[in-house]
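Asks: Pasting a structure here, questions to come.
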Amino acid sequence: RIYTVGVGAEPGALPQPDEERGGALHDPSSELDEPLLRQIAELGQGRYFRARTLHDVTAINDAINILEPSATPLVQGQPVVELYPWPLALAWLLMVLPRFASERLARAVRQGWSRWR
């Protein structure tokens with residue numbers, strides 16, 4: 001099925017200045033060929049929709065979703081578990097422990113071996 005959507009101003013709307021053409025007036029409805037869009041939708045056994053506002057676009061989207069339902073995949077989220085703190089803590093301990101151990105050993109040597117045992 002083919003669904004066509006006509007987007008643009010109403011036929012007969014006031015001409016607007018076109019910046020691409022040096023400010024010349026341009027009819028915003030001149031590029032919308034509604035009869036052709038209707039014919040395409042009819043040949044494709046679909047339907048023609050006319051969108052004038054953003055509300056129309058969302059309504060058209062909802063209508064097409066009802067006319068042509070599609071299976072939506074079930075998206076399951078998995079919580080992110082950060083594991084980097086564990087190796088970081090281990091690396092920090094491996095860097096800090098020898099310093100404390102050497103300070104403790106130096107203190108024990110200064111105080112005498114008898115206290116160390």
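The values are calculated or read from the model by the stated rules, or taken from the named source; none is laboratory data. Predicted, not measured: the structure shown is a model, and the values here were computed from it. Note that we place each Cβ from the backbone using ideal geometry, even for glycine, and neighbour counts take in every protein chain shown. Heavy atoms of the whole protein, side chains included, go into the accessibility calculation; ligands, DNA and RNA do not. Shrake-Rupley method; radii C 1.70, N 1.55, O 1.52, S 1.80 Å.
Asks: Confirm whether E82 is loosely packed, with under 10 Cβ neighbours inside 10 Å, under 30 Å from the mean Cα position of the chain (by Cα) and modelled with pLDDT of 75 or more. Show your work before the answer.
Replies: On the way: loosely packed, with under 10 Cβ neighbours inside 10 Å: yes; under 30 Å from the mean Cα position of the chain (by Cα): yes; modelled with pLDDT of 75 or more: yes.
Judged against the criteria, E82 is a match.
Asks: Restricting to the range 43-55, and then to whatever is in a loop (DSSP other than H, G, I, E, B) and either open to solvent by less than 40 Å² (accessible area, probe 1.4 Å) or in contact with an Asp or Glu (Cβ under 6 Å, 6 or more places away or on another chain) (or both), can you tell me which residue is farthest from Y3 (Cα to Cα)?
Replies: So the residue we want is G44.
Asks: Residue pairs, Cβ under 8 Å, 6 or more apart or interchain, first in the range 32-51 and in contact (Cβ under 8 Å) with a residue 12 or more places away in the chain and of a type in the set (G, A, S), second part of a strand (DSSP E or B) and open to solvent by 70 Å² or more (accessible area, probe 1.4 Å). List them.
Replies: Going by the 8 Å Cβ cut-off, the qualifying pairs are A41/R47; A51/V7.
Asks: Given the condition modelled with pLDDT of 90 or more and more than 13 Å from V5 (Cα to Cα), answer yes or no: does some residue in the range 25-42 qualify?
Replies: Scanning the range 25-42 turns up no residue that is modelled with pLDDT of 90 or more and more than 13 Å from V5 (Cα to Cα).
Asks: Out of the residues in the range 56-79 that are hydrophobic (A, V, I, L, M, F, W, C) and over 23 Å from the mean Cα position of the chain (by Cα), state the one that is farthest from T4 (Cα to Cα). Don't jump to the end; show me each part of the working.
Replies: Going residue by residue through the range 56-79, those that are hydrophobic (A, V, I, L, M, F, W, C) are 57, 59-60, 63-64, 66-67, 71, 74-75.
Add one more test, that the residue is over 23 Å from the mean Cα position of the chain (by Cα), and what stays is 63, 66-67.
Numbers: A63: 12, I66: 15, L67: 13 Å.
Once the filter is applied, the top-ranked residue is I66.
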